[in-house]
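None of the figures in this text is laboratory data; all of them are computed from the coordinates on show. Just so it is clear, the structure is predicted and the values come from calculations on it, not from any experiment. Note that we place each Cβ from the backbone using ideal geometry, even for glycine, and neighbour counts take in every protein chain shown.
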Amino acid sequence: MSSLPRTVLRAAVLEDADAVGLVHYTSWVETYTGLASTEFWERASAERSAAWWRGLIERGYPATVAEVDGEIVGLALAGESRATGGHEPVRDRELSNLYVLAAHHGRGLGRVLLDAVVPPGTPAQLWVASGNPRAVRFYERNGFEPDGATDDGARFGGIAALRMVR
């Protein structure tokens, strides 16, 4: 008889920075390969990502992680909305990061993480790679819809994005 994996959602702590950075970077590779510029990949690394997350956690940003059997496999972060690509925010809250390792897709972790940082029905906005139809469909299933705003990705490796709101 096999047991189901034990899944835990919790606040990220400083000791998680390396693991969160690795999940973040690995998710970028899984998601943005073929979408991002060569220059983006020359700068991107698990170490840079870990340092970035370490700084966020040290400054008190409320990152949430998903663990399966004690291993961090997903992360989410939401906070105050910001201007992007010349577009002012249209909601107060913004989902800025939501990543789950591809090996754990289809288990509902993305929805659980989303609900943890942006509870269902909460007005919010997010930016999603327009070349990632799987993610667009995920957000649509969770009440978000494109509002027509786009970003050419000049500040994010040439990855064009569209804004979604609910």
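Couple of notes before you dig in:
- Residue check, Thr122 over 23 Å from Gly157 (Cβ atoms), among the polar types (S, T, N, Q), surrounded by fewer than 17 Cβ atoms within 10 Å (Cβ to Cβ) and over 16 Å from the mean Cα position of the chain (by Cα): yes
- Residue within the stretch 147-163 that is among the basic types (Lys, Arg) and in contact with a strand residue (DSSP E or B) (Cβ under 9 Å, 6 or more places away or on another chain) present: yes
Condition check ((1) buried (at least 19 other Cβ atoms within 10 Å of the Cβ); (2) under 19 Å from Glu30 (Cα atoms); (3) out of contact with any helix residue (DSSP H, G or I) (no Cβ under 8 Å at 6 or more places or on another chain)) across all residues:
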position: Ala83; (1), (2), (3): no, no, yes
position: Gly86; (1), (2), (3): no, no, yes
position: Arg91; (1), (2), (3): no, no, yes
position: Val100; (1), (2), (3): yes, yes, no
position: Leu109; (1), (2), (3): yes, yes, yes
position: Val112; (1), (2), (3): no, no, yes
position: Asp115; (1), (2), (3): no, no, yes
position: Val136; (1), (2), (3): no, yes, yes
position: Ala154; (1), (2), (3): no, no, yes
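- When Gly70, Gly55, Gly60 are checked against the criterion of being farther than 24 Å from Arg141 by Cβ, in contact (Cβ under 8 Å) with a residue 60 or more places away in the chain and either out of contact with any strand residue (DSSP E or B) (no Cβ under 9 Å at 6 or more places or on another chain) or among the small types (Gly, Ala, Ser) (or both), a single residue qualifies: Gly70.
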